[in-house]
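**Q** Here it is, the structure in full.
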Amino acid sequence: MSSRKVSLATTDSPAGDFSDLLCAMNQSVFRQLRTLLALGRVSHLPTVWSNCLAGWWLGGHGNFANLPLLFLGVSALYTGGMFLNDAFDADFDRQRRAERPIPSGMISLPAVWRWGLAWLGLGALCLTAVGKTTGVLTVVLLLCIIIYDATHKVVTASPWLIGLCRFWVYVIAGSAGAWGVNGGPIWCGVALALYVAGLGYLAQHESSRVRAPYWPLALVAMPIVFAMLMNSGEYRVPAMWLSLVLALWIVLCGRTLFQAGTGNVAHIVSGLLAGIVFVDWLAVAPLCPHWLSFVFL
């Protein structure tokens with residue numbers, strides 16, 4: 001009888017209540033963090049970082065003090081853009097994607113707007129601190145992000161806007177380098193924009209019952225065309241090897257597009273999104289041909 005009383009006392013003790021409360025708080029914090037990570041699509045951030053690194057290298061690298069501000073600023077702009085993407089798509093998601101954070105009730109629409117605008121503000125402040133030219137270019141990128149988020153569900157040409165956003169990331173990163181904005185980040189940014197636009201056109205068919213078209217793969221292959229046209233002499237060898245790597249990756253990701261069925265587009269898009277890193281690698285090949293030749297030969 002006494003042991004039972006002790007057991008009951010232990011179960012009903014304040015310490016037990018506090019432990020349960022702490023566990024519930026931890027679960028709540030974890031759910032909120034997971035919601036914020038899902039809204040920000042943080043799994044895509046490595047491609048943004050590789051864009052920053054490639055653009056900065058094409059801009060003459062150097063100015064290492066600018067790198068933390070560049071990475072933080074562009075990452076914040078990307079995250080803010082993703083938050084606003086869900087904010088603008090709230091009505092659409094309630095009808096067709098009920099599992100998304102806003103329609104599922106994981107977070108309120110006003111909170112998403114606040115988070116998105118705060119991220120954009122942070123990104124703009126960081127990039128403006130890099131320099132005047134970077135600050136002006138950041139305003140252009142901000143406009144592109146907002147226009148894309150507001151129109152991508154109603155404008156069929158919206159993939160060109162998301163490609164344009166990536167283009168400006170290259171130019172902004174180039175402005176943070178020792179040489180500043182030059183032909184390198186501009187032309188390589190155009191190649192990246194075409195790649196991302198092709199990726200965007202494929203992504204439009206992720207949830208569609210209609211078979212995805214083949215022609216966006218031609219846009220995805222444009223960085224290879226640019227690399228062959230822009231590189232000659234000693235730069236041609238590393239460009240050829242890296243073009244081959246990118247071509248094999250595109251074939252590996254896109255081969256299922258020619259097979260029966262339509263449920264493979266999401267996997268193609270996911271793979272090609274990761275392939276942005278190869279595009280960035282190909283972009284910087286002309287500036288370091290010797291060690292790249294050594295790696296592949």
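The values are calculated or read from the model by the stated rules, or taken from the named source; none is laboratory data. Bear in mind the structure is a predicted one, so any value in this text is a computation, not a measurement. Backbone-built Cβ (ideal geometry, glycine too); neighbour counts: all protein chains shown. The protein model used for the area step is the full one, side chains on, heavy atoms only, and it has no ligands, DNA or RNA in it. Shrake-Rupley method; radii C 1.70, N 1.55, O 1.52, S 1.80 Å.
**Q** Largest first, what is the accessible-area ranking of Arg31, Arg166, Arg96 with a 1.4 Å probe?
**A** Values: Arg31 105, Arg166 25, Arg96 175 Å².
These residues rank, largest area first, as Arg96, Arg31, Arg166.
**Q** Using a/c under 1.5 as the rounded threshold, could you call the range 89-214 rounded, prolate or oblate? The axes a ≥ b ≥ c are square roots of the C-alpha gyration tensor eigenvalues, and prolate needs a/b larger than b/c, oblate otherwise.
**A** oblate
**Q** As an exercise, use a Förster radius of 22 Å and the Cβ-Cβ distance of Arg94 and Leu45 to find the FRET efficiency, rounded to the nearest 0.05. Don't jump to the answer; show the numbers that get you there.
**A** Values: r = 27 Å, r/R0 = 1.23.
E between Arg94 and Leu45, to the nearest 0.05, is 0.20.
**Q** Shape verdict for the range 74-161, please, from the Cα gyration tensor: rounded (a/c under 1.5), prolate (a/b greater than b/c) or oblate. Write down the numbers at each step before the final one.
**A** Working: a/c = 3.63, a/b = 1.63, b/c = 2.23.
Oblate shape, in that a/c is at least 1.5 and b/c is the bigger or equal ratio.
**Q** For Trp168, what accessible area in Å² do you get when you roll a 1.4 Å probe over the heavy atoms of the protein chains, rounding to the nearest 10?
**A** Probe radius 1.4 Å; accessible area of Trp168 about 50 Å².
**Q** OK, next. Ignoring everything but the protein chains, give the 1.4 Å probe accessible area of Lys153 in square angstrom, nearest 10.
**A** Number for this one is 100 Å².
**Q** Let me ask something additional. For Glu234 paired with Leu143, estimate the spin-label separation in nm (one decimal), with each label point 7 Å from Cα along the Cα-to-Cβ line.
**A** It is 4.2 nm.
**Q** Moving on. Among rounded, prolate and oblate, which fits the range 131-197 when a ≥ b ≥ c are the square roots of the eigenvalues of its C-alpha gyration tensor, a/c under 1.5 means rounded, and a/b larger than b/c means prolate?
**A** On the way: a/c = 4.38, a/b = 1.62, b/c = 2.70.
Taking the square roots of the gyration eigenvalues as a ≥ b ≥ c, the range 131-197 is oblate.
**Q** Right, something else. Apply the Kirkwood formula to the range 219-268: the hydrodynamic radius equals the inverse of the mean of 1/r over all pairs of different alpha-carbon atoms; give it in Å with one decimal.
**A** Numbers: mean 1/r = 0.0821 Å⁻¹.
For the range 219-268, inverting the mean 1/r across all distinct Cα pairs yields 12.2 Å.
**Q** Given a 1.4 Å probe and heavy atoms of the protein chains only, how would you sort Thr134, Thr256, largest accessible area at the top? Write down the numbers at each step before the final one.
**A** On the way: Thr134 5, Thr256 30 Å².
In descending accessible area the options line up as Thr256, Thr134.
**Q** Per residue Cα convex hull volume for the range 184-249, in cubic angstrom? Walk me through the numbers before you get to the answer.
**A** Numbers: hull volume 5.0 nm³, N = 66.
Here the figure is 76 Å³ per residue.
**Q** So, in nm, how far is label Arg211 from label Lys132 when the simple model puts each one 7 Å beyond its Cα toward the Cβ?
**A** Computed distance between label sites Arg211 and Lys132 equals 5.7 nm.
**Q** Taking the Cα centre of each part, how many Å lie between the range 26-64 and the range 177-204?
**A** Comparing the Cα centres of the range 26-64 and the range 177-204, I get a distance of 18 Å.
**Q** Oh, and also: Ignoring everything but the protein chains, give the 1.4 Å probe accessible area of Trp115 in square angstrom, nearest 10.
**A** 100 Å²
**Q** Multiplying the sequence separation of Asn182 and Ala157 by 0.36 nm and subtracting their Cα-Cα distance, what value in nm do you get? Display every interim value, and only then the final one.
**A** Details: separation 25, 0.36 × 25 = 9.00 nm, distance 2.79 nm.
Here the segment from Asn182 to Ala157 would lengthen by 6.2 nm.
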